[in-house]
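Scroll down for the structure; my scribbles are underneath it.
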């Protein structure tokens, strides 16, 4: 039996030492109230899922962004704790009863505004496009700024007030929550379930990720079919979503034996914004804490490739992120372990030392408009600030109908036939491999062979390894800094993988090691497949020139001729190997190594898409990408050639 809501809410507001969380999950008509002591731990593995006698315990963990250091990634270290609420009491109370008892008085704010002004943020956008994306450091990066204000109220009362406001005025959130612990308050309405892992009654768990990207800011008067249709036709917004799906499939391939299957796209409709999203689903036997570690953190709030995105964030964000882009991770005991439910900490207001902070970031891609990204940060911050009453609230909902109007019947725009058709049409560009069940396939054309995949700091290698296993190969992955010459020599097939950066960078130890790997295999006539950055390294080894593209191919699908067969392939490159137009072969006398005659697949302008010779092949595009509709077929062709 739940406590009287009035008594419970009053107790939470009055006791400055009591830690608690209020959670309203998507579609639920109840508010979950979690109370208990807190403990701070150093690592995800230290989250205490059992008590002193070994009994399973429910834990709500606040995971800060700086925790990416566990994966060896860079981050400003602000000391934000990995804080665990050890749940001693968990009640579910009807939302209407909780709303009736939450405070309603306006929380006064003063000295409000963004810490980085609009012009300065626009200049950061230009710099990232020019110096990071333009130099091959990655496909997209999320750079944030913070809306700040003084809070002239008790933080606990403010948390309860804003939680009520979000319940009343925000729509479409995955979690609406208030998490209050000593010296820290977080109140938000996160649209995005970063990762969940739920028991299916066996030793395995069903893992889901929910990449959300592409942001439609509702115009004055509300969204309409016409305005939303224009957004859905926008190339930038479409490619932005595809890129984050690729990045999260890398994570799924690392934690799920079946690699992950995508469904969607769908609309995530909220009060001021509408997003596009996919759902990724697979099965894993990993500990949920390990699943969380391997998926830190969402590319929708960091960028891709993930490791380099963290480096770029550290270069261009001058202050630490705190909990922004981390997760609130709820571990719930089951008969077979713990389930995990971990939404991303975005669209969240924080109170620390009497100051409000609402972080908001924009995803920067090759054709971002600087002031368009400025507007996106305004829109994202407004979703929280409007709901809590810090700025005027929107008069209309995402349905395009004034829900306060008498007799109004809200209609979701996703139900409109034109909108549904535009969403469905996106999948015609995508690889069927990632949209179909991948288990139990009888076709294993390369069964019995072994491959060593060299990881060059882009976890596309996990997707590539999954596809190679699907073709029948046994696959090991080795990091470029750890792979030995003995491993390289012993492998039946070496796949030298993709990564960020400039293939001509003489200061890069990573590029130098890739050059050693590629040259060693070519000289020893060992079967080799080189992908993206490694393809460019191979091209330089063969004596071809490397040049920057006029416009980076980051998240671009092209249909190209790969040795007599057209293939739709996804590209993520800033540099390209180039030959004179019409050149299709490189003779031994023109090559710098002992490769023999080399076949070249190139565009009419001489951009090299693929190379092959005796016992090796390479490709500039990412055959493992969801954008590579013909990826698995082309991968099989190139690997078969290399092994022949």
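The values are calculated or read from the model by the stated rules, or taken from the named source; none is laboratory data. Every value quoted in this text rests on a predicted model; they were computed, and no experiment measured them. Don't worry about glycine lacking a Cβ; one is built from the backbone with ideal geometry, like all the others, and counts go over all protein chains shown.
When 511, 562, 494 are checked against the criterion of being over 18 Å from residue 610 (Cα atoms), in contact with a helix residue (DSSP H, G or I) (Cβ under 8 Å, 6 or more places away or on another chain) and assigned by TED's automatic domain parsing to the domain that holds residue 581, a single residue qualifies: 511.
One line per residue, one yes/no per condition, for (1) in contact with a strand residue (DSSP E or B) (Cβ under 7 Å, 6 or more places away or on another chain); (2) in the same structural domain as residue 466 (by TED's automatic domain parsing); (3) under 26 Å from residue 261 (Cβ atoms); (4) in contact (Cβ under 8 Å) with a residue 40 or more places away in the chain:
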site	(1), (2), (3), (4)
557	yes, yes, yes, yes
576	yes, yes, no, yes
587	no, yes, no, no
602	yes, yes, no, no
610	yes, yes, no, yes
624	no, yes, yes, yes
634	yes, yes, yes, yes
638	yes, yes, yes, yes
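Is it the case, given these coordinates, that residue 109 is out of contact with any helix residue (DSSP H, G or I) (no Cβ under 6 Å at 6 or more places or on another chain) and farther than 24 Å from residue 164 by Cβ? Here the answer is no, as residue 109 does not meet what is asked. Checked against the criterion of being outside any loop (DSSP other than H, G, I, E, B), in the same structural domain as residue 452 (by TED's automatic domain parsing), more than 15 Å from residue 488 (Cα to Cα) and over 28 Å from the mean Cα position of the chain (by Cα), the stretch 516-539 has at least one qualifying residue.
Among the residues here, residue 237 qualifies as at pLDDT below 90, surrounded by fewer than 24 Cβ atoms within 10 Å (Cβ to Cβ), assigned by TED's automatic domain parsing to the domain that holds residue 367 and touching a helix residue (DSSP H, G or I) at 6+ places or on another chain (Cβ under 8 Å).
Here's the yes/no breakdown for (1) at pLDDT 95 or above; (2) surrounded by fewer than 18 Cβ atoms within 10 Å (Cβ to Cβ):
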site: 89; (1), (2): no, yes
site: 98; (1), (2): no, no
site: 117; (1), (2): yes, yes
site: 125; (1), (2): yes, no
site: 168; (1), (2): no, yes
site: 190; (1), (2): no, no
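Among residues of the stretch 8-38 being more than 20 Å from residue 193 (Cα to Cα) and out of contact with any helix residue (DSSP H, G or I) (no Cβ under 9 Å at 6 or more places or on another chain), the one that is surrounded by the fewest Cβ atoms within 10 Å (Cβ to Cβ) is 17.
Residue-wise test of (1) out of contact with any strand residue (DSSP E or B) (no Cβ under 8 Å at 6 or more places or on another chain); (2) free of Cβ contacts under 8 Å to residues at least 12 places away in the same chain; (3) under 19 Å from residue 95 (Cβ atoms); (4) buried (at least 24 other Cβ atoms within 10 Å of the Cβ).
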{"site": "129", "(1), (2), (3), (4)": "no, no, no, no"}
{"site": "140", "(1), (2), (3), (4)": "no, no, no, yes"}
{"site": "150", "(1), (2), (3), (4)": "no, no, no, no"}
{"site": "162", "(1), (2), (3), (4)": "no, no, yes, yes"}
{"site": "174", "(1), (2), (3), (4)": "no, no, yes, no"}
{"site": "208", "(1), (2), (3), (4)": "no, no, no, no"}
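Taken together, the residues in the stretch 447-493 that are in a loop (DSSP other than H, G, I, E, B) and under 16 Å from residue 251 (Cα atoms) amount to 4.
Can you confirm whether residue 577 is in a strand (DSSP E or B) and at pLDDT below 95? Here the answer is no, as residue 577 does not meet what is asked. The criterion of being outside any loop (DSSP other than H, G, I, E, B) and surrounded by 22 or more Cβ atoms within 10 Å (Cβ to Cβ) does not hold for residue 550.
Against the list (1) closer than 20 Å to residue 24 by Cβ; (2) part of a strand (DSSP E or B), the condition residue 207 fails is (1). In this structure, residue 201 does not satisfy being more than 30 Å from residue 458 (Cα to Cα), surrounded by 24 or more Cβ atoms within 10 Å (Cβ to Cβ) and assigned by TED's automatic domain parsing to the domain that holds residue 372. Consider residue 146 against the criteria (1) under 23 Å from the mean Cα position of the chain (by Cα); (2) surrounded by fewer than 16 Cβ atoms within 10 Å (Cβ to Cβ): it satisfies all of them except one. Which criterion is unmet? All conditions pass for residue 146, except number (2).
Comparison of 567, 610 shows that the only residue that is closer than 23 Å to residue 238 by Cα, in a strand (DSSP E or B) and in contact with a helix residue (DSSP H, G or I) (Cβ under 8 Å, 6 or more places away or on another chain) is 567. Filtering 267, 280, 292 for residues that are buried (at least 22 other Cβ atoms within 10 Å of the Cβ), in the same structural domain as residue 75 (by TED's automatic domain parsing) and under 19 Å from residue 331 (Cβ atoms) leaves a single hit, 292.
Determine whether the stretch 338-349 contains at least one residue that is under 30 Å from residue 228 (Cβ atoms) and assigned to a helix (DSSP H, G or I). Among the residues of the stretch 338-349, not one is under 30 Å from residue 228 (Cβ atoms) and assigned to a helix (DSSP H, G or I), which makes the answer no. At least 1 residues being within 19 Å of residue 200 (Cα to Cα) is the threshold, and among the helices (runs of 4 or more DSSP H) wholly inside the stretch 230-325 those reaching it are 235-255, 288-294. With respect to the conditions (1) modelled with pLDDT of 95 or more; (2) over 23 Å from residue 239 (Cβ atoms); (3) part of a loop (DSSP other than H, G, I, E, B), residue 629 falls short on a single one, namely (2). Scanning the stretch 466-488 for residues that are within 27 Å of the chain's Cα centre (by Cα) and farther than 14 Å from residue 433 by Cα turns up 475, 476, 477, 478, 479, 480, 481, 482.
Of 386, 354, 372, all but one fail to be on the phi > 0 side of the Ramachandran plot, surrounded by fewer than 24 Cβ atoms within 10 Å (Cβ to Cβ) and in the same structural domain as residue 113 (by TED's automatic domain parsing); the exception is 354. Has the stretch 359-370 got any residue that is more than 29 Å from residue 291 (Cβ to Cβ) and at pLDDT 95 or above? Yes, that holds for at least one residue. Residue 486 meets all of the listed conditions (1) surrounded by fewer than 22 Cβ atoms within 10 Å (Cβ to Cβ); (2) touching a strand residue (DSSP E or B) at 6+ places or on another chain (Cβ under 8 Å); (3) within 19 Å of residue 522 (Cα to Cα) but one, namely (2).
For the structure I just gave you, tell me whether residue 324 is touching a residue at least 40 places away in the same chain (Cβ under 8 Å), farther than 22 Å from residue 295 by Cα, in the same structural domain as residue 235 (by TED's automatic domain parsing) and surrounded by 19 or more Cβ atoms within 10 Å (Cβ to Cβ). No; evaluated as a whole, the condition is false for this residue.
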